[in-house]
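Colleague: Structure in structure tokens, see below.
The values are calculated or read from the model by the stated rules, or taken from the named source; none is laboratory data. Since the model is a prediction, treat every value here as computed from it, not as a measurement. Here the Cβ is made from the backbone with ideal geometry for all residues, glycine too, and neighbour counts use every protein chain on show. Heads up: the accessible areas ignore ligands, DNA and RNA and are worked out on the full protein's heavy atoms, side chains in. Shrake-Rupley method; radii C 1.70, N 1.55, O 1.52, S 1.80 Å.
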Number of protein chains: 2
Amino acid sequence: MAPLTPGRIRHTVVYILSHPEGSPEEEDFLAAAAALAAIPGVEAFEQLREVSPKNAYRHGISMEFADRAAYEGYNGHPDHVRFVQERWLAEVTDFLEIDYEARADSSRSAARSASV
Amino acid sequence: MAPLTPGRIRHTVVYILSHPEGSPEEEDFLAAAAALAAIPGVEAFEQLREVSPKNAYRHGISMEFADRAAYEGYNGHPDHVRFVQERWLAEVTDFLEIDYEARADSSRSAARSASV
């Protein structure tokens with residue numbers, strides 16, 4: 001994937017649904033979540049399966065924002081607020097949000113590692 | 001970022017170091033971790049800062065593999081095994097591994113969301 005450049009934010013969440021895997025209810029939730037991609041500022045939107053046997057999460061969402069203002073615009077957007085209130089709080093039993101920014105020294109580290 | 005295509009795996013880990021932020025010891029650990037990018041099969045390697053106030057993790061690593069065989073080759077590679085034994089177990093105080101694969105229906109969901 002394209003590396004995260006300075007200033008950008010990659011917002012991710014892993015979660016567990018109350019619905020059985022492969023159920024119509026799961027499908028309906030994922031379709032509603034997919035609509036978050038249309039909110040202004042959302043880039044590189046992905047719905048993912050979480051497949052590590054080392055944690056209990058089963059679903060993931062990843063998206064990127066150009067800057068913190070775009071991220072805050074998404075957080076406060078009525079479509080996002082409504083999704084959280086009407087779907088997320090009712091159907092998600094556990095979740096963890098993880099947000100990434102580039103390391104300021106990442107290009108230097110990469111250059112160093114290339115010579116190892 | 002380029003979407004994760006079917007069959008590929010995005011392996012991520014968030015973690016906390018025992019070293020103070022900005023210390024030479026932290027810098028040295030990150031430089032050693034950067035060398036993991038040179039292990040065969042590792043693609044799209046990134047060292048990241050974890051910036052969400054909603055969890056305690058402060059560092060992240062993300063990498064991708066073309067398939068499960070490449071992932072297993074990395075896991076068993078002597079350079080990775082040595083890094084885990086000599087650095088990770090000694091200097092990382094908490095971590096969580098999260099692995100992603102594409103949803104089989106992700107393109108369908110995306111197409112659906114585009115029409116919402």
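Colleague: Exactly one of these conditions fails for residue A:81: (1) within 11 Å of chain B (Cβ to nearest Cβ); (2) open to solvent by 50 Å² or more (accessible area, probe 1.4 Å); (3) farther than 17 Å from residue A:4 by Cβ; (4) not aromatic (Phe, Trp, Tyr). Give me its number.
Modeller: Residue A:81 satisfies all of (1) within 11 Å of chain B (Cβ to nearest Cβ); (2) open to solvent by 50 Å² or more (accessible area, probe 1.4 Å); (3) farther than 17 Å from residue A:4 by Cβ; (4) not aromatic (Phe, Trp, Tyr) except (1).
Colleague: Given the conditions (1) assigned to a helix (DSSP H, G or I); (2) of a type in the set (S, T, N, Q); (3) under 20 Å from residue B:50 (Cα atoms), and given that residue A:85 satisfies all but one, which numbered condition is not satisfied?
Modeller: (3)
Colleague: Out of A:27, A:21, A:46, which single residue is in contact with a Pro (Cβ under 7 Å, 6 or more places away or on another chain) and of a type in the set (Asp, Glu)?
Modeller: Only one candidate passes the filter, namely A:46.
Colleague: Need pairs with beta-carbon distance below 6 Å; first residue farther than 22 Å from residue B:104 by Cα and within segment A:54-74, second open to solvent by less than 10 Å² (accessible area, probe 1.4 Å); sequence gap 6+ or separate chains.
Modeller: So the pair list comes out as A:65/A:9; A:71/A:9; A:71/A:65; A:74/A:39.
Colleague: Another one. Please enumerate the residues belonging to segment A:54-74 that are facing another protein chain (nearest Cβ under 9 Å) and either aliphatic (A, V, I, L, M) or not in a strand (DSSP E or B) (or both).
Modeller: A:54, A:55, A:57
Colleague: Looking at the structure I just gave you, is residue A:11 out of contact with any Gly (no Cβ under 7 Å at 6 or more places or on another chain) and assigned to a loop (DSSP other than H, G, I, E, B)?
Modeller: So residue A:11 does not fit the description; no.
Colleague: Scan segment A:40-53 for residues that are within 10 Å of chain B (Cβ to nearest Cβ) and on the phi < 0 side of the Ramachandran plot and jot them down.
Modeller: A:43, A:45, A:46, A:47, A:48, A:49, A:50, A:51, A:52, A:53
Colleague: From the residues in segment A:9-27 that are in contact (Cβ under 8 Å) with a residue 40 or more places away in the chain and open to solvent by 50 Å² or more (accessible area, probe 1.4 Å), which one is farthest from residue B:62 (Cα to Cα)?
Modeller: A:25
Colleague: When the residues of segment A:28-39 are narrowed to those that are more than 8 Å from every other protein chain (Cβ to nearest Cβ) and open to solvent by 20 Å² or more (accessible area, probe 1.4 Å), which ends up nearest to residue B:94 (Cα to Cα)?
Modeller: Within segment A:28-39, the match that is nearest to residue B:94 (Cα to Cα) is A:32.
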